[in-house]
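Step one of this worksheet: look at the structure below.
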Ligand SMILES: NC(=O)c1ccc[n+]([C@@H]2O[C@H](COP(=O)([O-])OP(=O)(O)OC[C@H]3O[C@@H](n4cnc5c(N)ncnc54)[C@H](O)[C@@H]3O)[C@@H](O)[C@H]2O)c1
């Protein structure tokens with residue numbers, strides 16, 4: 001593939017392994033000069049050799065991205081070699097890997113969920129959930145609130161499921177708590193609108 005980025009300079013953090021190394025190699029294949037940064041010197045060495053074997057130029061920098069005292073020196077080394085960085089792949093600092101939930105899915109009683117649920121949020125706004133086709137722990141849900149209409153197949157676990165940004169949690173016979181995350185498009189701020197619903 002030609003992405004039109006030949007001879008650009010990319011800085012890839014966490015380039016010693018995983019996604020970072022794969023991205024560094026992919027960029028080198030595009031003819032990009034790649035700066036590899038990683039806290040792990042041994043991994044960095046292996047990745048840098050792979051990049052050097054693929055593309056034009058590679059610079060490997062042992063760098064703990066969390067150590068702010070290193071920034072000036074490392075950026076200086078990059079600028080000396082390649083000038084400005086054109087592409088930044090900011091690939092470190094994500095959450096640590098976590099295993100998938102260990103809570104198993106178990107079959108639910110369709111009668112507890114199936115039907116038309118009428119709800120009201122704490123701000124007075126109404127919503128409706130229609131739950132059908134409950135089989136095992138799967139169901140089909142139609143969610144309506146104002147002009148929003150969503151259809152989704154859901155998986156029920158721990159008496160709850162999600163439809164888009166809305167979470168439904170069964171709290172008793174014919175009763176449920178509902179929370180909808182509302183994002184303000186102007187500010188990007190998200191708030192949680194809570195409500196209750198009853199099975200009619
Ligand atoms: N793999 C996934 O499915 C996945 C999904 C979502 C997000 N992410 C995020 O993508 C990033 C890369 O994930 P990955 O699976 O390739 O991880 P990985 O553990 O395979 O590789 C991470 C690399 O970052 C290096 N590193 C760790 N801390 C560093 C630091 N302080 N300074 C410099 N280098 C550091 C490690 O030595 C390693 O070489 C992470 O931020 C991760 O949270 C990964």
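Laboratory data are not the source of any read-out in this text; all were calculated from the coordinates shown. Keep in mind it's a predicted model, so treat the numbers as computed, not measured. Heads up, the Cβs are rebuilt from the backbone with ideal geometry, glycines too, and the neighbour counts pull from every protein chain shown.
Observations
- Rounded if a/c under 1.5, otherwise prolate or oblate - the range 85-186, Cα gyration tensor axes: oblate
- Tensor-based shape of the range 9-89 (alpha-carbon gyration tensor, a/c under 1.5 rounded, otherwise prolate or oblate): oblate
- Once the Cα-Cα distance is subtracted from the 0.36 nm per residue extended length, the residue 73 to residue 22 segment shows a gain of 15.8 nm.
- One Cα centroid belongs to the range 151-200, the other to the range 105-149; the line between them spans 9 Å.
- Note on the chain: with a GNM built from Cα contacts shorter than 10 Å, the maximum mean-square fluctuation among 179, 188, 17 falls on 188.
- Using alpha-carbon coordinates, inclination of helix 71-82 to the longest axis of the chain, degrees: 60 degrees
- Normalised convex hull volume, the chain, alpha-carbon set, Å³ per residue: 202 Å³
- Take each peptide in 5-11, 190-196, count the other Cβ atoms within 10 Å of every residue, and average; sorted highest first, the result is 5-11, 190-196.
- Nitroxide proxy distance, nm - points 7 Å out along Cα→Cβ at residue 158 and residue 62: 4.3 nm
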